[in-house]
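Report on the structure given below.
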Amino acid sequence: MLGNPGSTSGPEPPPGRDSFLGLSSSSLSLEPQPQKAQSPSIIRLLSTLLRNDKHNSSYASTRLLIENIGSTSRPETLPAAPEVGEILGRNEAQGLQHNSMRSLEPSWLPPPSLWYKFNVGAEVHYTAFLAAVARNDEGIVVEANVTTENVTSSLVAEALAFRYAVILIKQYSVRRAIVEGDAPLVVNALKDRKTDAPSEINDIVKDVFAMLDNSTDTIVDFSCVNKSCNTLVYDCTKWAARNRFWGLLPICWFTGASFIGPSGV
């Protein structure tokens, strides 16, 4: 804990939480598909096959082996060269799609030694739910808070979330902190000390500057990251919005990099 945050506010949240569904692999199909552009490697293969003499015995004996690797039996029908290319093209497309699904998105990184990182975000519905989750240099959640603001603009809500984190930093007397979110307009205004931030968040940005100027012994940096680095915060804001909860989120509601909520207690 970074300090004594006081008691939580809001109604007692009901048990349970939604499950997060991952992407499932699609089964491969050999049914005819709309013709697509082939890769150079497939085009070269087709050219080679089509140049062969169709009366050549080696061409006639070409087979697509689809049975057990230890079996010597072969299918009765011989796919023509264009059909082979179509199959290879579909397989390549499936492989590219599968690889793109498996590609790693940027992930959250811990702060430097002796620093704290406050990830912030907002969920806007009938009102805005703002969350700030603080983690130490080992990636352990040490504080998590949710508050509400009567705004419906996503940009304003994100700016207020950054200001909320700075308020907590001052409240807990944190000496070195990074405030991180996925709102580039807000982060750019704060990092560059802009006095001409977008009009709807300009006053909020000035409030943050004023708080920092009055805390000369505190170092605060601002960071903009991919939304995939901010998923923990959005798990908190979505849960809070569904359950109309605000206040302190107990540390026991977190495990590793996951928000498990009261169902995990």
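The values are calculated or read from the model by the stated rules, or taken from the named source; none is laboratory data. Source: prediction; values computed, not measured. So basically every Cβ, Gly included, is an ideal-geometry build from the backbone, and we count neighbours across all protein chains shown.
Within segment 125-148, being in contact (Cβ under 8 Å) with a residue 60 or more places away in the chain, closer than 30 Å to LEU114 by Cα and either part of a loop (DSSP other than H, G, I, E, B) or in contact with a Cys (Cβ under 8 Å, 6 or more places away or on another chain) (or both) holds for ALA131, VAL133, GLY139, ALA144, VAL146.
Just so you know, in segment 174-199 the residues that are over 25 Å from the mean Cα position of the chain (by Cα) and at pLDDT 95 or above include one that is surrounded by the fewest Cβ atoms within 10 Å (Cβ to Cβ), and it is ARG175. Looking at segment 229-265, which of the residues that are touching a Cys at 6+ places or on another chain (Cβ under 8 Å) and surrounded by 14 or more Cβ atoms within 10 Å (Cβ to Cβ) is farthest from GLY181 (Cα to Cα)? It comes out as LEU249. For segment 204-223, a tally of residues being modelled with pLDDT of 95 or more and among the acidic types (Asp, Glu) returns 2.
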